[in-house]
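Taken together, the values in this text are just the output of simple stated rules run on the coordinates, not laboratory data. As the structure is a prediction and not an experimental result, all values here were calculated from the model. Using ideal geometry, Cβ is built from the backbone for each residue, glycine included, and neighbour counts are taken over all protein chains shown.
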């Protein structure tokens with residue numbers, strides 16, 4: 001697998017660090033692309049790749065292309081715009097790591113086949129340090145045969161790797177993961193906000209949470225930051241709203257009512273409308289601490 005030429009499209013907090021990780025592990029990173037050309041230029045110099053001005057050039061210079069973009073619209077642009085990754089894509093493999101609506105992944109698989117290419121979805125449930133260190137949690141959707149063939153590369157990016165099923169299924173799982181995470185985030189923020197209003201020691205409160213039914217992975221990852229008001233952005237409120245929105249749409253399509261998820265989505269959507277969308281998702285605690293209602 002390390003003899004393959006690897007391209008990256010989308011060099012933000014996750015994509016750039018994934019490229020660095022694979023470079024450190026001996027992979028041949030040949031081409032990188034980002035809408036912010038200065039970001040692509042800087043990373044290309046760092047890892048010895050070519051900063052491409054066109055998406056078609058990434059395809060031309062790569063055997064495997066990993067895409068890490070923000071949403072459905074961005075994915076549509078890189079695959080179906082005037083300049084797109086499917087140009088000259090015969091024989092290429094695309095590994096798409098963004099959290100998208102499941103139908104987008106199914107559409108991409110069909111379009112890739114028509115271009116003589118193949119697609120996998122590789123949904124991530126991790127953050128920036130894990131991307132840099134090859135410790136991602138990956139959920140894979142698409143052809144199981146294609147997954148098996150590319151498992152060595154995916155294992156070098158991850159510490160936990162799950163094949164979920166056909167195209168779109170990994171996105172369904174990822175949407176539910178983030179929906180539950182966002183509910184836990186909002187619940188923890190409210191619990192700590194009430195605790196502060198009562199004059200409780202918040203570190204003590206978190207310690208008790210951790211030993212009771214109030215424990216959660218969010219408590220481990222975000223509790224300390226909430227108390228310290230540290231909102232360096234690892235996962236924005238805007239992205240939290242997007243992902244919960246995908247999960248709610250899936251629920252609605254099945255006729256399932258989700259009042260908790262809906263309330264949480266409303267919180268993160270409100271933050272975005274207030275111009276706080278780029279605040280880390282744990283920033284919901286800041287507003288709770290201040291007694292500022294989001295409903």
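From the Cα gyration tensor of region 5-167, with a ≥ b ≥ c the square roots of its eigenvalues, which class applies: rounded if a/c is under 1.5, or else prolate if a/b is larger than b/c, or else oblate? Before the final figure, lay out the partial values.
Numbers: a/c = 1.44, a/b = 1.05, b/c = 1.37.
Rounded, because the longest to shortest axis ratio a/c is under 1.5.
Treat the count of other C-beta atoms within 10 Å as a stand-in for reagent exposure and order 35, 250 from fewest to most.
Details: 35 14, 250 18.
Placing the least packed residue first, the sequence is 35, 250.
Classified by the C-alpha gyration tensor, region 102-187 has an oblate form. Its axis ratio a/c, with a ≥ b ≥ c, is 1.5 or above, and a/b does not exceed b/c. Compute the long axis of helix 217-228 from its Cα atoms, compare it with the longest principal axis of the Cα atoms of the chain, and write down the angle in degrees, 0 to 90, nearest 10. Helix 217-228 sits roughly 60 degrees off the main axis of the chain.
How would the chain be classified by its alpha-carbon gyration tensor: rounded, prolate or oblate, with rounded meaning a/c under 1.5 and the a/b versus b/c comparison settling the rest? Prolate, because a/c is 1.5 or more and a/b exceeds b/c. Against the chain, whose longest principal axis is taken from its Cα atoms, helix 102-114 shows a tilt of about 0°.
When the helix-only estimate is applied to the chain (DSSP H runs of n ≥ 4, each -39,500 (n - 2.57), divided by the residue count), what is the mean residue ellipticity at 222 nm, nearest 500 deg cm²/dmol? Present the calculation step by step, with values, prior to reporting the outcome.
Numbers: 14 runs with 156 residues, N = 295.
Helix-only estimate at 222 nm: -16000 deg cm²/dmol.
Name the residue, out of 145, 238, 109, whose mean-square fluctuation peaks in a Gaussian network model built on the chain with Cα pairs under 10 Å. Highest fluctuation among the options: 145. Using a Gaussian network model of the chain whose springs link C-alpha atoms within less than 10 Å, name the residue from 194, 246, 78 with the highest mean-square fluctuation. Of 194, 246, 78, the Gaussian network model singles out 194 as fluctuating most.
Taking all Cα pairs closer than 8 Å and separated by 6 or more residues, the relative contact order of region 40-173 comes to 20 percent. Histogrammed with a bin width of 10 Å, the alpha carbon distances of region 172-289 distribute as 14, 46, 31, 8, 0 percent, first bin at zero.
Under the criterion of Cα pairs below 8 Å and six or more residues apart, the relative contact order for the chain equals 14 percent.
Starting with the fewest neighbours, write out 94, 80 ranked by other beta-carbon atoms found within 10 Å of each beta-carbon.
Values: 94 28, 80 13.
By the 10 Å Cβ count, ascending, the order reads 80, 94.
Taking the Cα atoms only, what angle lies between the long axis of helix 37-47 and the longest principal axis of the chain, rounded to 10 degrees? Helix 37-47 and the main axis of the chain meet at about 70 degrees. Each label was represented as a point 7 Å from its Cα along the Cα-to-Cβ direction; for residue 25 and residue 190 these points are 4.0 nm apart.
If we count other beta carbons within 10 Å of each Cβ, what is the order of 70, 99, fewest first? Provide the component values of the computation, followed by the final result.
Numbers: 70 16, 99 21.
In order of increasing Cβ crowding within 10 Å: 70, 99.
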